[in-house]
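Derivation of every value follows stated rules applied to the coordinates shown; laboratory data play no part. Keep in mind it's a predicted model, so treat the numbers as computed, not measured. All Cβ positions, even for glycine, are placed from backbone atoms using ideal geometry, and neighbour counts span all protein chains on display.
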Amino acid sequence: MIVYGVALLAFCMLFGMVTGDLLGIALGVKANVGGVGIAMLLLILLTNLSPQKFSLKPLTESGIGFWSAMYIPIVVAMAAKQNVIAAVSSGWLAVIAGVVAVVVSFALIPLLSSIGEKSEPLPKEDE
């Protein structure tokens, strides 16, 4: 059921936010330090547990898979938006550093894709 996916997502988010706040207090920073990242890592860890330790019905597994697949891109997009706003308001050096990092990342794609063994493409899915 999709409800279990929402419950797992909520648990991970609450755990991550509390842990990030505690980490911020421990470091003397008045901010949440890594709470969203902790929540994402916990969600990935819990959704990839072996079936022997965490056996669920197929409908429940599909709900958890759906919400874990939705959560990570949304959080990454939110963090990217915050980073862009902070960079633009910080000055041109931050913007230039971000653009250079993206250009270098794109330039490394051919190099990274050549690593590993070549394999056959996946077969087409039957409809």
Quiz item: From the set of residues in segment 3-27 that are without any contact (Cβ under 8 Å) to a residue 24 or more places away in the chain and of a type in the set (V, I, T), which is surrounded by the most Cβ atoms within 10 Å (Cβ to Cβ)?
Solution: T19
Self-check item: Of all residues in segment 104-127 being among the polar types (S, T, N, Q) and not in a helix (DSSP H, G or I), the one that is surrounded by the fewest Cβ atoms within 10 Å (Cβ to Cβ)
Solution: S119
